[in-house]
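Asker: The structure under discussion is supplied below as structure tokens; questions concerning it will follow.
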Amino acid sequence: MTHTLSKVVFLTGIALAGGWGCATEPNLTDIQKQVQTLILQQEASQKQEQKTIDRLETIESQLDEHDFLVGELIKTEEEASLDTRHLLEKLERTSTMLREQIEQTRVTTQRRDQDLSIRVKALESRIDNVIHQPRSGASEVTTPLPASPSLNHQDPQTETPATSESPAKNDVEVENEASAFRSAYKVFLNGNYDRASVEFKRFVKNYPSTTLTPQAYYYLGESLYVQKQYDPAKLALQEVVSNYPSSKYRGQALYKLGHIMLETDQRSKAQELWNKIIQDYPDSPESTQAKEQLKKSGLS
């Protein structure tokens, strides 16, 4: 545009000097004013153009800065997301480890409680026998005897061994019962479930109606369940449920029966058994476990 105006000025000068010599002074003045106006307009246009260029450069700079900030933000978010994932993984590993430790502690505590229960029941049986045996001996002593001096002299000798030997015999039986159960239970705790099932079968056969019998049936069912022998396991656990309704192992037997039903594709029966635990034993650990299994299995 500057070149064009210069050319206009040059041509105007030539015209004034040559062919336009006859032009009047006012006309010449008007032309000079017009040229001057064009020059001023050109300078104003150049200034505006420069301002536009500067503005564009500023905008480009701001865009570059914006792109840089966006990139940094994305990078920061990615790093934060990675750190969060690592933290979550660490928390999950820690949580898993703590759950395992809690479960191990629970199992150990349960085993100790069960072992103490066995010993307490054995002592209770011995005490019960000691309490009841003197009553039986007393009735024998008061039994009328023939009025013979020689028999009256000999009877105390024959009765005394009877009253002293009978409690000893019962003590031996009770100790044998407790010993047999401890032996089977120790095998169970060691994880030898095949041998444990054999010993518990022998126990319920030899001691079919003792305070330890329902517990033996439960661990027999548990041993068979671990070996995936579901039918005999179900029969053993059903013994506890049907024949020992007041036993504390009845709730545990119902819970394990629910697992057997679930693993043999009898979901409705598993749901029924677990709901029965919740109804009959609402404050028991088995009730909490049953609720968790119902939710986990989609049966709730």
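Asker: Can you work out which of the residues in region 264-282 that are within 22 Å of Val226 (Cα to Cα) and touching a helix residue (DSSP H, G or I) at 6+ places or on another chain (Cβ under 7 Å) is surrounded by the fewest Cβ atoms within 10 Å (Cβ to Cβ)?
Answerer: If we take residues in region 264-282 being within 22 Å of Val226 (Cα to Cα) and touching a helix residue (DSSP H, G or I) at 6+ places or on another chain (Cβ under 7 Å), then Thr264 is surrounded by the fewest Cβ atoms within 10 Å (Cβ to Cβ).
Asker: Given the options Leu257, Leu235, name the one that is of a type in the set (A, V, I, L, M), surrounded by fewer than 15 Cβ atoms within 10 Å (Cβ to Cβ), modelled with pLDDT of 95 or more and part of a helix (DSSP H, G or I).
Answerer: Exactly one of Leu257, Leu235 is of a type in the set (A, V, I, L, M), surrounded by fewer than 15 Cβ atoms within 10 Å (Cβ to Cβ), modelled with pLDDT of 95 or more and part of a helix (DSSP H, G or I), namely Leu235.
Asker: Filter region 189-210 for residues that are surrounded by fewer than 18 Cβ atoms within 10 Å (Cβ to Cβ), of a type in the set (S, T, N, Q) and assigned to a loop (DSSP other than H, G, I, E, B); which is modelled with the lowest pLDDT?
Answerer: Filtering region 189-210 for residues that are surrounded by fewer than 18 Cβ atoms within 10 Å (Cβ to Cβ), of a type in the set (S, T, N, Q) and assigned to a loop (DSSP other than H, G, I, E, B), the one modelled with the lowest pLDDT comes out as Ser209.
Asker: Here is a further query. Provide a single number: the residues in region 222-249 that are farther than 17 Å from Lys269 by Cα and of a type in the set (Lys, Arg).
Answerer: Selection size over region 222-249: 2.
The rows are residues; the columns are (1) among the hydroxyl-bearing types (Ser, Thr, Tyr); (2) free of Cβ contacts under 8 Å to residues at least 24 places away in the same chain.
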site	(1), (2)
Leu254	no, no
Gly258	no, no
Leu262	no, no
Ser268	yes, yes
Trp274	no, no
Asp283	no, yes
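Conditions tested, residue by residue: (1) within 30 Å of Gln289 (Cα to Cα); (2) in contact with a Pro (Cβ under 8 Å, 6 or more places away or on another chain); (3) modelled with pLDDT of 85 or more.
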| residue | (1), (2), (3) |
| --- | --- |
| Lys51 | no, no, yes |
| His66 | no, no, no |
| Glu89 | yes, no, no |
| Thr96 | yes, no, no |
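The values are calculated or read from the model by the stated rules, or taken from the named source; none is laboratory data. Since we're looking at a predicted model, the values are computed, not measured. We place every Cβ from the backbone using ideal geometry, glycine too, and count neighbours over all the protein chains shown.
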